[in-house]
1. Rounding to the nearest 20 debye, state how big the charge dipole of the chain is about its Cα centre with +1 on each Lys and Arg Cβ and -1 on each Asp and Glu Cβ.
2. Enter the angle in degrees (range 0 to 90, nearest 10) between the Cα long axis of helix 674-704 and the first principal axis of the Cα atoms of the chain, meaning the one along which they spread out most.
3. Residues with amide H under 5 Å of residue 568's amide H, sequence separation 5 or more or different chain, H placed in the peptide plane at 1.01 Å from N; which?
4. Take the alpha carbon gyration tensor of the stretch 326-481, find the square roots of its eigenvalues, order them as a ≥ b ≥ c, and report rounded if a/c is under 1.5; if not, report prolate when a/b exceeds b/c, else oblate.
5. Note down the nm distance, to one decimal, between modelled labels 7 Å out along Cα→Cβ at residue 697 and at residue 469.
6. Rank 91, 66, 37 by how far each Cα sits towards the positive end of the charge dipole of the stretch 8-120 (+1 on Lys, Arg Cβ; -1 on Asp, Glu Cβ) and give me just the farthest.
7. Work out the charge dipole of the chain with +1 on the Cβ of Lys and Arg and -1 on the Cβ of Asp and Glu about the Cα centre, then indicate which of 359, 701, 322 is farthest towards its positive end.
8. Quick one, can you get me the convex hull of the C-alpha atoms of the chain expressed as volume per residue in Å³?
Amino acid sequence: QNEEKWDFVLVSNIHEMGSEKEIKRKKFLDELSKKGFTIKKIEDTKLFYGVRAPQHIFWKYQSLLTNPDSRQRNSSAQQDVPVTTRIRVVHFILQNTVTSDLEKLHDLMKKKVFEAAFPLHKKEEITKILKKKWARWRVLFKEQPIEEIRCYFGEKVALYFAWLGWYTYLLIFAALAGLATITAGAIVFSSSQVSKEICDANNTIMCPLCDQNCSFWVLSDTCTYAKVTHMIDNEATVVFAIFMAIWATVFLELWKRERATVATNWDLYTWDEEEEELALQLINNPQHEPRLYQHSYFRSTIVLILALLMVLVLIGIAHALVIYRAVAMALFMQSEVNLLSKHADVIAVMTGAVLHYITIIVMTKVNWHVALFLCELEKPRTFSQRENSFTVKIFIFQFFTNFSSLIYIAFFLGRINGHPGHYVRIAGHWRLEECHPSGCITDLFIQMAVIMLLKQTISNIMEYLIPLISHQLRKKQKPPKKRSVMLGEEEEAEDPCKKHWLRNYELNEVNVFSLFNEYLEIVIQYSFTTIFVAAFPLAPLLALINNVIEIHMDAIKMMRLSRRMVPRKAKDIGIWLQVLEAIGILAVIGNGLVIAITSDFIPVQVYKYMYSPCARENHTSMDCSTGYINNSLSVFHIQDFEPHTKVQPEFNGKQIKECRYRDYRNADDYTYTVQFWHIFAARLAFLILFEHVALCVKLIAAWYIPDVPQKVKNQILKDKHNDLRNGLSTAEYSTEV
């Protein structure tokens, strides 16, 4: 039975005898044989080579990496290497075995000498447990068997699922808070004084929304829109934004505690990645000299410049989307189709959001190649250094890809478009879009809703269907039955390994980035959940639903649809923790800006306390925001329109001399009023106050929740004490002898 345990399988096409590929393959396998590897060959439509490492390699590994004091000399301790460690060691040796032509497995795979190399999914007790408790849809709300995941896929994968599970669990609180905010908005605020005024404004005539074919319109037409806006733009949102800033901090602090517990249970505190890498290099080749750390300012400068160029390209794409929306708006407005011209603004925003989603998909592929190229320029020393450097770059690129359009909608839309009679135009022709009369926050809400829903539905379906279909297709390409049967010879007994290896080969390929992709997807989703959450309080709920499905989808992919990942060891989730902390700070800034700049919260407060009837005399009975809408609209005289604006000066049979538009400008010379500067000052003051309060609360939360639980600290303390005590008694015993 022991004979049939193979660590790795190499797959190769059947090459002609004496061909270059066949010679290269033979050289590589000979090198492995020299190192004492057992190799078994099975021929089918492809050649399969089973590889088993000799036991002495693992003994060396154990003696190099165990603590010298606790080294036990008996051989029973030497037998027990976990399967995950075994696969990791064999994988390292396979990747670093050099043939006489100075080629490694990586080069041979590029030259198509070998097609694949993978560890096998074993039929063990643990696989049954994982398939039953984890990799199926029925156990959607059950706890994950993290310990079993670690024993099968290694610490790195287990930490990813532990982190994802923890994040999903804490999302429940954020989702409930978001739902409460929306519910409060729907019940209390959508019928607020401000939306009442918009709905009653039958006589407030607004300026046309485009230059040609657009008539004047009445403010009360936007009644429903106003109600939706006040459902998200109200006092509750401010509280929710502060709550989310605290939530992001608490989530990270609690994760650090969770991680510390896990790291102690799995005995990861003493493990050092660099030490393991050096040990494996020496086991593979005792003459190995370590590659030294290098740093070149010239290289770093080039990488920095290229990264900035890439970011500028991404911002340029956001500009292109802005231009699309301005042009689309103008064209829809002039359209003959009534539906298009009536809802031009909403349609322009919706199609803009879909277009944005498409650019996200395309640019993700581009960003990937650019980030890899920049990584190669840096020449990092170790695998983990390369991974960290790649993570930071790809995250920055993806962040700009996903958020530059949202940043424009949140902070620039409607602030840089001029005023009637003097509009800012693209190429001197198309007017920039304006915010809706009831505020800009709804545009942001629509954009985020469309992108999050599309990202989560389409991307998830693709992520599951593509592996599923490709697995089915690979299964279909079954080889024909052996020739020997046709020749009438007796068929030899089928090798039991053959079926098993073929089944593993039919599964989808995995690579170094398989897990990385999952992290990136969740971290970008975390950005959506925290950064502009004030404009879209449903984000945590969508993220929660997505994650519950995501966990099991990933599990099914890993267990049933993909080859086994090479288990990697890790102490924590690596550089992703710093990325998440950066997002936490961006979230405070982002939400502060959304409330200060995008929402109407500040203008309403300024009006209440400085310009409303309440400010002039004590009206306890009336709502202080009465008259706000009239106050927030400026007057424009029709004779001041630009010459090429074609407008009928009649509306509902009346001659019109003036119309209203959303801004704080004087009626005679269209300069800003004093109230505009009051609001501007209040916005800045609020922003500074909000950010300082939120950051202070974050710091207090970070201080209040210790990173490492007392239990773990005490455990480490006891272990150190016991080791020293044992060392002392050994020393005393040896001096007595």
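The values are calculated or read from the model by the stated rules, or taken from the named source; none is laboratory data. Since we're looking at a predicted model, the values are computed, not measured. Cβ atoms come from the backbone with ideal geometry, glycine included; neighbour counts cover every protein chain shown. Ligands, DNA and RNA are excluded from the accessible area calculation, which covers all protein heavy atoms including side chains. Shrake-Rupley method; radii C 1.70, N 1.55, O 1.52, S 1.80 Å.
1. Once rounded to the nearest 20, the dipole reads 1960 debye.
2. 30 degrees
3. It is 155, 156, 157, by chain and number.
4. Taking the square roots of the gyration eigenvalues as a ≥ b ≥ c, the stretch 326-481 is oblate.
5. Between residue 697 and residue 469, the label points sit 4.7 nm apart.
6. Selected residue: 66.
7. Farthest towards the positive end: 359.
8. Convex hull of Cα atoms, per residue: 233 Å³.
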